[in-house]
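Working notes, structure below.
The values are calculated or read from the model by the stated rules, or taken from the named source; none is laboratory data. In this text, all values refer to a predicted model and were calculated from it rather than measured experimentally. In this analysis, Cβ positions are derived from the backbone assuming ideal geometry, glycine residues included, and neighbour counts consider all displayed protein chains. Just so you know, the surface numbers come from the protein's heavy atoms only, side chains and all, with ligands and any DNA or RNA stripped out. Shrake-Rupley method; radii C 1.70, N 1.55, O 1.52, S 1.80 Å.
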Amino acid sequence: MSSGNISFVKDFFIVGFPGLQPEYYGAVAALLLFVYVCILVGNGIFIALFTLEKCLHKPMYYIILNLVVSDLLFSTTTLPKIIARYWFQAGSISFTGCFIQMYFVHYFGSVSSAILAIMAFDRYVAICNPLRYPNIVTKFNIFCLCLASWVLTHACPLMMAIRAYPLPYCAGNTIIHCYCDHISVTSLACTNRALYGVPAFAFAMVVLLGPLAFIVFSYCAIIVAVLRISSTQGRLKSFSTCSPQLIIIALYFLPRCFIYLSSNIGINFSTDLRLVIIMLYSLFPPMINPFIYCLRTKDVKETLLKRIKVSMNPLFIPTKVNISTVCV
């Protein structure tokens, strides 16, 4: 611990939902465990399909793969601790562990935001510049963009955690949240939080609004390009290729923007309601995204159905149907 920490806090206690009665702890823990299992299974299935089927090794699915990995890591960073808090009353987290969790929470959130911007770029090129798509959206270019998302988003969350770590914590050690984030932890510090909160808020706005601005620009250009298509069937087909990404983007950005804006225009929520909204936009997208990939993306859906048929009916194998043909 930093010598500047005058409170000698050795650990923090994650409260979770402060208004939740103890008799409901088990039910909430079971619900969160169910969500976590769904995230692991759903995203794990996509990773397995991507690994086994070479026909899915396309730039778009490399982007989705990075989003899946980010979702899995974010959920694994946050959910086990809050599940243990409600199931085993083990809500304490070490002083250093809390800041490590803080770093990963903001880091994986930043990565997901950048990956969604890359996803919008993919659709923009596919619809607005279809002839140049194979030359622009290559595996190598997507690899470089995704790698940049993982590397460049590392600095700001690390600086936030490093600056928050040595603060003097003397306002208690109970975190009114389901995990350690910058606001909930630094609010316990006995110092002027503005010196740390304002830069953190500016960082959050850049991470949230920067990719969102690019996404809005991309889809405005896409809408203009689609409206120029003469046939109704062509317009619907073009829009259908964007619908999975639009659903994912809406699930990720809209609730976050609502929370940030409401807190700045004077709309107040109870602490429990605010935490419910935060948990919904943090955990619902990772849980629902795999279903969107499978149900709204033809390649993944047909590959999954073919794999299920093969596993359920071994006699299906001798028909010599090449599974990879479903992706062509």
Regarding C294, is this residue within 26 Å of S112 (Cβ to Cβ) and at pLDDT 75 or above?
-> no
Residue list for segment 142-167, restricted to those being part of a loop (DSSP other than H, G, I, E, B), more than 19 Å from the chain's Cα centre (by Cα) and exposed (fewer than 15 other Cβ atoms within 10 Å of the Cβ) | P166
Criterion violated by I100 - all others in (1) among the aliphatic types (A, V, I, L, M); (2) touching a Cys at 6+ places or on another chain (Cβ under 9 Å); (3) open to solvent by less than 30 Å² (accessible area, probe 1.4 Å) satisfied = (3)
Specify the residue that is least open to solvent (accessible area, probe 1.4 Å); the eligible residues are those in segment 210-246 that are basic (K, R) and assigned to a helix (DSSP H, G or I).
-> R235
Tell me which residues, restricted to segment 73-88, are open to solvent by 30 Å² or more (accessible area, probe 1.4 Å) and touching a residue at least 60 places away in the same chain (Cβ under 8 Å).
-> T77, K81, W87
Is there any pair linking a residue in segment 41-60 that is open to solvent by 50 Å² or more (accessible area, probe 1.4 Å) to one that is modelled with pLDDT under 90 and of a type outside the set (A, V, I, L, M, F, W, C), with Cβ under 8 Å and at least six apart or on different chains, and which?
-> I45/P290; L52/R307; K54/S324; K58/D299
Just name the residue that is surrounded by the fewest Cβ atoms within 10 Å (Cβ to Cβ) out of those in segment 129-141 that are in a helix (DSSP H, G or I) and in contact (Cβ under 8 Å) with a residue 24 or more places away in the chain.
-> K139
